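Heads up: the structure comes next, in structure tokens.
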Amino acid sequence: MSDHTAPDNSVDPKLLEILVCPVSRGPLRYDRNAAELISDKAKLAYPIRDGMPIMLEAEARRLDD
Amino acid sequence: MTNGHLTPKAGQPAQPPAIFDRTLLRQRQDRASKAFADHDFLHRHIAEDVIDRLETIIRTFHRAAFLGPGAHYITEALTPASDVSHVVSGAFSPAMARLGTDGAPRLTADEEALPFADSSLDLIVSMMALQSVNKLPEALARMRAALRPDGLLIAAFPGERSLHELRDSLYRAESEITGGVSPRLSPFTAIKDAGGLMQRAGLALPVADLIRLPVTYRNPMTLLADLRGMGETSVLTGRRKQTLRKDVLVRAMEIYAETWPADGGGVTATFEIVMLTGWAPHASQQKPLKPGSAKASLEDAVKSAEKD
């Protein structure tokens, strides 16, 4: 890979295209600042650590609104 | 039944209980990631086999996911002939998923709840992961759904006869000393069931092959250390309730060394890997014709054959 300037916590766009929420199978919103992938349907926010999405329900933050 | 009476079976629970403790598995694999390179011969072997298979298939895989511990070895070994463009490499353990320096994007994902959109991939390779999934048919169905029509699934996992020497030694030692036995090793899938599982998941043209790998270890304890290093020691639920007694382990190691000596010293251990391949259905694939769709009558065919 020649792209050394990519920010640390950005997710590969090609990967983002194919990901869905593993719980609801619904779409995900990429929150770049919070480094999270948000599933509105399941009310879960999956963390992104060093550019790697952690798509586990057990690791997700619950959205309580 | 000697008395001619059938004893009523205990009521079956509506939901089958989880056989594998997946949280424990993730902890084991996180830990194993630290020195994985010292215990990766099986994973490297599978990666080579996968590459061989991909090279013989004449087609481009635009989007691929390689999943499981050691999945990064597949990405590292990719050749131009394997014709794979975009790869995501992942595992259930985040630390395991990060291994490798191939530059492919990384993902932490659970085989029991894969996060891929329907029809989003041309190729999925599952490496050494399906042996500890609680709902194997559902996991395979999820993978199939993630494949585009004519997409390929390759799944490699330990077969039924894997580690039969160890299983047998533990069994014999435990029954000798305690008079009872408890499962110490996970049950593995028999190859005869593998093709059926693929078909049940809606995968076409299923093929199951077996790789048999006899390995020599200095002694049975080095085998156990290697399994621990792979993160592959048993994660059966309930195994923690009955920890293995030291005297049983010592006796099992004796039985192992006596029963399966290797030529030239040490002991033999059998690793058997089931290699499953199947395709997401597509109109272009060969399949039986529908009944009644024949263009020539059977009667005419028989008549003309009789004339000859």
Farther than 16 Å from B:A201 by Cα, more than 14 Å from chain A (Cβ to nearest Cβ), surrounded by fewer than 21 Cβ atoms within 10 Å (Cβ to Cβ) and of a type outside the set (D, E), is that true of B:T101? no
Would you call A:S24 polar (S, T, N, Q), surrounded by 15 or more Cβ atoms within 10 Å (Cβ to Cβ) and out of contact with any Pro (no Cβ under 6 Å at 6 or more places or on another chain)? no
Per the list (1) closer than 29 Å to B:F61 by Cα; (2) surrounded by fewer than 18 Cβ atoms within 10 Å (Cβ to Cβ), residue check on B:D168 breaks on (1)
When (1) within 16 Å of the chain's Cα centre (by Cα); (2) at pLDDT 90 or above are applied to B:L249, the one that fails is (1)
Restricting attention to the range B:137-153, the residues that are crowded, with 21+ Cβ neighbours inside 10 Å and over 30 Å from A:R29 (Cβ atoms) number exactly 1
Within the range A:8-21, restricting to residues that are charged (D, E, K, R) and either more than 7 Å from every other protein chain (Cβ to nearest Cβ) or in a loop (DSSP other than H, G, I, E, B) (or both), the one that is least open to solvent (accessible area, probe 1.4 Å) is A:D12
Quick count over the range A:27-37, residues being of a type outside the set (D, E, K, R) and buried (at least 20 other Cβ atoms within 10 Å of the Cβ), is 2
Of the residues in the range B:85-98 that are buried (at least 23 other Cβ atoms within 10 Å of the Cβ) and within 27 Å of B:T56 (Cβ to Cβ), the one that is nearest to the other protein chains (Cβ to nearest Cβ) is B:V88
Selection over the range B:120-135 where residues are assigned to a strand (DSSP E or B) and facing another protein chain (nearest Cβ under 8 Å) yields a count of 1
Within the range B:108-119, residues being open to solvent by 10 Å² or more (accessible area, probe 1.4 Å), outside any strand (DSSP E or B) and at the interface with chain A (Cβ under 7 Å from one of its Cβ atoms) number 1
Would you say B:V181 is open to solvent by 30 Å² or more (accessible area, probe 1.4 Å) and touching a Gly at 6+ places or on another chain (Cβ under 8 Å)?
-> no
Does B:L152 count as facing chain A (nearest Cβ under 9 Å), modelled with pLDDT of 95 or more and touching a helix residue (DSSP H, G or I) at 6+ places or on another chain (Cβ under 9 Å)?
no
Report yes if some residue within the range B:256-274 is assigned to a helix (DSSP H, G or I) and either free of Cβ contacts under 8 Å to residues at least 60 places away in the same chain or acidic (D, E) (or both); otherwise report no. yes
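Yes/no per residue for (1) under 20 Å from A:R25 (Cβ atoms); (2) among the aliphatic types (A, V, I, L, M):
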site: B:A65; (1), (2): yes, yes
site: B:H72; (1), (2): no, no
site: B:T75; (1), (2): no, no
site: B:H86; (1), (2): no, no
site: B:A97; (1), (2): no, yes
Tell me, yes or no, whether the range B:59-67 has at least one residue that is away from every other protein chain (no Cβ under 14 Å) and more than 16 Å from B:G229 (Cα to Cα). yes
Going through (1) assigned to a helix (DSSP H, G or I); (2) surrounded by 13 or more Cβ atoms within 10 Å (Cβ to Cβ) one by one, B:L210 fails only at (1)
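The values are calculated or read from the model by the stated rules, or taken from the named source; none is laboratory data. Predicted model, so just to flag it, every value in this text is computed and none were measured. Counting neighbours? That spans all protein chains shown, and the Cβs are built from the backbone with ideal geometry, glycine included. Side chains included, ligands, DNA and RNA excluded: accessible areas come from the protein's heavy atoms. Shrake-Rupley method; radii C 1.70, N 1.55, O 1.52, S 1.80 Å.
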